[in-house]
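Visitor: Below: one structure in structure tokens.
The values are calculated or read from the model by the stated rules, or taken from the named source; none is laboratory data. As the structure is a computational prediction, the values presented were derived from the model and not from experiment. For neighbour counting, all protein chains shown are included, and Cβ atoms are generated from backbone atoms with ideal geometry for every residue, glycine included. Protein only, heavy atoms only, side chains kept; ligands, DNA and RNA dropped before computing areas. Shrake-Rupley method; radii C 1.70, N 1.55, O 1.52, S 1.80 Å.
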Amino acid sequence: MKTFPTSAVWCFGILFISVSLITTGSSEVQVVGPADPVVALAGDDVILPCSLKPNVSAEDMVVQWTRLNRKAEKVHLYLDSRDSNEDQSPSYRGRTSMFHEELKNGIVSLKLNRVTLSDTGSYRCFFPKLTSLVTETTVQLFVGAVSQPVISIDGTKGWGVVLKCESGGWFPEPQMEWLDSSGTFLPADGPPEKYRDSEDLYALRRHVTVNQTDTNRFTCRVHQTEINHLKETEIHVPDEVFPKSQVGLIVGLLIAAAVVVLAASVGVYMWRKHIEEKKRRELLEEQEKECRKLLEEQVKDFKLKRDVKRDAKFVKRNIDHLIQNVTMVTPIAFYLIRSEMYSKIHAARTRQGQMEMLYEALTFGGDHVKSDFYRILLDLEPDLVNDPGAIFVDVHKDQLIQRVTKVKPILHELFYEELYCNTRINQMTSQEQMRQLYMDLEVAEDSRSVKLDFYRILLDLESNLVRDLDELLNLPGQLDKLKIETVSSAGSNWTEDSDFYEVNKNLTVQLDKVTIERDELKEELRKAREIQSLSTSPGGQQETQTPSQKSERIEGMEMKSLPGSGSLPEKRPLLGPGPQNDDLDEMERGGRVTIDNNSML
């Protein structure tokens, strides 16, 4: 038979003792009672709380209830699992009991029946054989007495009736007050009369003089704050009790005077209100005008910045077209540039070279200079500006109808009253709205100008779409280049059975499809340009001007008559002042003139 080693037995013993000590220390039994005093009225039954924490059984314990005064009075004793009151104080005999069914839960509260004022005091709940640190607790008992107040009529005084309120049998001393039917306190006829009866209880008496009211109802209230008790009695005084007087005449005169005063007050009030309302309305109108003016300035500034941005985008997008077709480069450069760059542009041999140098100068100038360039072109060579926008809108009609997403902002700018504010338009899909937009573009008074505006709005709101549609025309060339590069990189490893052959075959099929689509778009573009070229003058002949004629039209023009002098913002020199006389002499000798970059713009 195997046995545990002696060392193991000692280890288990030490572990058991440690656990027991930890458990006992963490769950020490304590006696607890209420934190607030127990309040009761004379003649009531009251319970003095006392219990054990944690809730352990007290059935086999000893519990002593005593009253703490000059000499400890034995109130109740629980011993040997029963009540043992042989030595109980006579004043508590037959009035105490404990809840035996709750002893198993650690509840040892004492019930005291038919309490009297003399029961007020401190009571101790004590466990003499409990080994804990806290073996007792104290419960404060406060016993009070109340009674119902009585109201009587004690005669008349002047035009009123004197009421008397009496109430006795109170403890501690209470307070007495008079109230009317609305709960408002009434001024009494002096302080309350206080005295003590034969049982040493407090009694009060107080008078009040009341006048006749609508209800003639009055209340006497007696309350004691320490025991938180209140008693009230209400009385109704008949009208016949009040002394007879000329109340009707007096009331009539008072009402008449009140009506006159009220009418005058209302008249003055309405007049002042009218004056104040008039001033307030004038102030609001003035503020509204200022706000409207400020809003108009902000809207104007916003539109100006938006137009400058769109003008610059138009120039950037169509720069190749402008470089190839602008004829009046020198007058435009003269207006925009005040630096050595103008001399270089003027000295360039070809018009295309002049435009390339002019655009280089525009690039340094930023969006505002590009916008000025756009506005000058719109005045001097409107066809160069109108044609790209109108042709783009006509050629890409089907793609724009299907792919434009920001239709409502476009309708708002182009056809606010005709389309944007039309209820029927709001019920359409975006494609249907775009078709309606194209119908209105065709019947517009200046169709080309409106189409140009449409194109500029697309550059601003749908820039990616415009870029994709422009790149669609150049895609076949890009695919040709890709095929050539692919063939060159393949070299001798290209065979009919290789994966590369399949890739090249797919590229070829895609190239053929795109080439067909490009040819169709170019054909539509050619027809659109033919239609644009048919625009004639009032005499039926197309107005054409040679570059020299256009230059003659500009020659002799004053700066204030140039475009932008009225409607456009004031222009600043793009690249600063031109070369001086000494610099020109140096240039004739073949020298180099240094231009300060800080003077540009």
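Visitor: Does LYS244 fit the bill of being part of a loop (DSSP other than H, G, I, E, B), more than 34 Å from the chain's Cα centre (by Cα) and among the basic types (Lys, Arg)?
Guide: Details: part of a loop (DSSP other than H, G, I, E, B): yes; more than 34 Å from the chain's Cα centre (by Cα): yes; among the basic types (Lys, Arg): yes.
Judged against the criteria, LYS244 is a match.
Visitor: Continuing with this model, one more query. I need the full set of residues from region 92-133 which are more than 22 Å from LYS71 (Cα to Cα), aliphatic (A, V, I, L, M) and surrounded by 12 or more Cβ atoms within 10 Å (Cβ to Cβ), in order please.
Guide: MET98, LEU103, ILE107, VAL108, LEU130
Visitor: Is at least one residue of region 354-373 over 27 Å from PHE334 (Cα atoms), part of a helix (DSSP H, G or I) and of a type outside the set (Val, Ile, Thr)? Can you show your working first?
Guide: Pass one, region 354-373, residues over 27 Å from PHE334 (Cα atoms): none.
No, region 354-373 has no match at all.
Visitor: Quick test for you: out of VAL326, VAL299, pick the one residue that is at pLDDT 80 or above and crowded, with 18+ Cβ neighbours inside 10 Å. Talk me through it step by step, then tell me what you get.
Guide: Values: VAL299 fails: crowded, with 18+ Cβ neighbours inside 10 Å.
Checking each option against the conditions leaves just VAL326.
Visitor: Still on this structure, please answer the following. Could you identify the single residue in SER89, SER57 that is surrounded by 11 or more Cβ atoms within 10 Å (Cβ to Cβ) and farther than 19 Å from VAL32 by Cβ? Talk me through it step by step, then tell me what you get.
Guide: Values: SER57 fails: farther than 19 Å from VAL32 by Cβ.
Criteria check complete, one pass: SER89.
Visitor: OK, next. Would you mind telling me which numbered condition in (1) under 24 Å from ARG456 (Cα atoms); (2) in contact with a helix residue (DSSP H, G or I) (Cβ under 7 Å, 6 or more places away or on another chain) THR363 fails?
Guide: (2)
Visitor: OK, next. So SER118 clears everything in (1) under 15 Å from VAL46 (Cα atoms); (2) polar (S, T, N, Q); (3) over 60 Å from the mean Cα position of the chain (by Cα); (4) assigned to a strand (DSSP E or B) except one condition, right? Which one?
Guide: So SER118 meets the others, but not (4).
Conditions (1) free of Cβ contacts under 8 Å to residues at least 24 places away in the same chain; (2) over 11 Å from ILE151 (Cβ atoms), marked per residue:
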position	(1), (2)
ASP180	no, yes
LEU204	no, yes
THR219	no, no
HIS236	yes, no
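Visitor: Okay, moving on. Taking the condition surrounded by 13 or more Cβ atoms within 10 Å (Cβ to Cβ), hydrophobic (A, V, I, L, M, F, W, C) and either more than 60 Å from the chain's Cα centre (by Cα) or not in a strand (DSSP E or B) (or both), does VAL139 pass? It would help to see each step written out before you state the result.
Guide: On the way: surrounded by 13 or more Cβ atoms within 10 Å (Cβ to Cβ): yes; hydrophobic (A, V, I, L, M, F, W, C): yes; either more than 60 Å from the chain's Cα centre (by Cα) or not in a strand (DSSP E or B) (or both): no.
For VAL139, the condition - surrounded by 13 or more Cβ atoms within 10 Å (Cβ to Cβ), hydrophobic (A, V, I, L, M, F, W, C) and either more than 60 Å from the chain's Cα centre (by Cα) or not in a strand (DSSP E or B) (or both) - is not met.
Visitor: Sort out which residues of region 329-354 are crowded, with 21+ Cβ neighbours inside 10 Å and over 57 Å from the mean Cα position of the chain (by Cα), and write them in order of number.
Guide: Residues satisfying the conditions are ILE345, GLN354.
Visitor: Give me the pairs: first residue in region 342-362 and on the phi > 0 side of the Ramachandran plot, second residue charged (D, E, K, R), beta-carbon distance under 6 Å, and six or more apart or on different chains, which are they?
Guide: Going by the 6 Å Cβ cut-off, there are no qualifying pairs.
Visitor: Scan region 187-194 and tell me whether some residue there is under 54 Å from the mean Cα position of the chain (by Cα), assigned to a loop (DSSP other than H, G, I, E, B) and farther than 29 Å from ALA40 by Cβ.
Guide: Restricting attention to region 187-194, the residues satisfying the condition of being under 54 Å from the mean Cα position of the chain (by Cα) are 187.
If we keep only those that are assigned to a loop (DSSP other than H, G, I, E, B) too, we end up with 187.
Filter once more, keeping what is farther than 29 Å from ALA40 by Cβ: 187.
Checking region 187-194: at least one residue is under 54 Å from the mean Cα position of the chain (by Cα), assigned to a loop (DSSP other than H, G, I, E, B) and farther than 29 Å from ALA40 by Cβ.
Visitor: Continuing with the same structure: Just to be sure before I move on: is GLU290 open to solvent by 100 Å² or more (accessible area, probe 1.4 Å), under 30 Å from GLN148 (Cα atoms) and in a helix (DSSP H, G or I) in the structure I sent?
Guide: Values: open to solvent by 100 Å² or more (accessible area, probe 1.4 Å): yes; under 30 Å from GLN148 (Cα atoms): no; in a helix (DSSP H, G or I): yes.
When the stated conditions are applied, GLU290 does not pass them.
Visitor: With respect to GLU226, determine if the residue is touching a residue at least 24 places away in the same chain (Cβ under 8 Å), open to solvent by 100 Å² or more (accessible area, probe 1.4 Å) and either in contact with a strand residue (DSSP E or B) (Cβ under 6 Å, 6 or more places away or on another chain) or part of a loop (DSSP other than H, G, I, E, B) (or both). Lay out the reasoning, then the answer.
Guide: Values: touching a residue at least 24 places away in the same chain (Cβ under 8 Å): yes; open to solvent by 100 Å² or more (accessible area, probe 1.4 Å): yes; either in contact with a strand residue (DSSP E or B) (Cβ under 6 Å, 6 or more places away or on another chain) or part of a loop (DSSP other than H, G, I, E, B) (or both): yes.
In short, yes.
Visitor: If you go through region 413-431 one residue at a time, how many are exposed (fewer than 14 other Cβ atoms within 10 Å of the Cβ) and not hydroxyl-bearing (Ser, Thr, Tyr)? Reasoning before the result, please.
Guide: The initial filter retains those residues of region 413-431 that are exposed (fewer than 14 other Cβ atoms within 10 Å of the Cβ), namely 416-417, 421, 423-424, 426-427, 429, 431.
So of that shortlist, the ones also not hydroxyl-bearing (Ser, Thr, Tyr) come out as 417, 421, 424, 426-427, 431.
Of the residues in that region, 6 qualify.
Residues are listed down the side, and each one gets a yes or a no for (1) aromatic (Phe, Trp, Tyr); (2) at pLDDT 85 or above:
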| site | (1), (2) |
| --- | --- |
| LYS370 | no, no |
| LEU378 | no, no |
| ASP398 | no, yes |
| ARG403 | no, yes |
| PRO409 | no, yes |
| TYR416 | yes, no |
| CYS421 | no, no |
| ILE425 | no, no |
| SER430 | no, yes |
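Visitor: Taking SER265, is it assigned to a helix (DSSP H, G or I) and open to solvent by less than 50 Å² (accessible area, probe 1.4 Å)? If you could, list the steps in order and put the result at the bottom.
Guide: Values: assigned to a helix (DSSP H, G or I): yes; open to solvent by less than 50 Å² (accessible area, probe 1.4 Å): no.
No.
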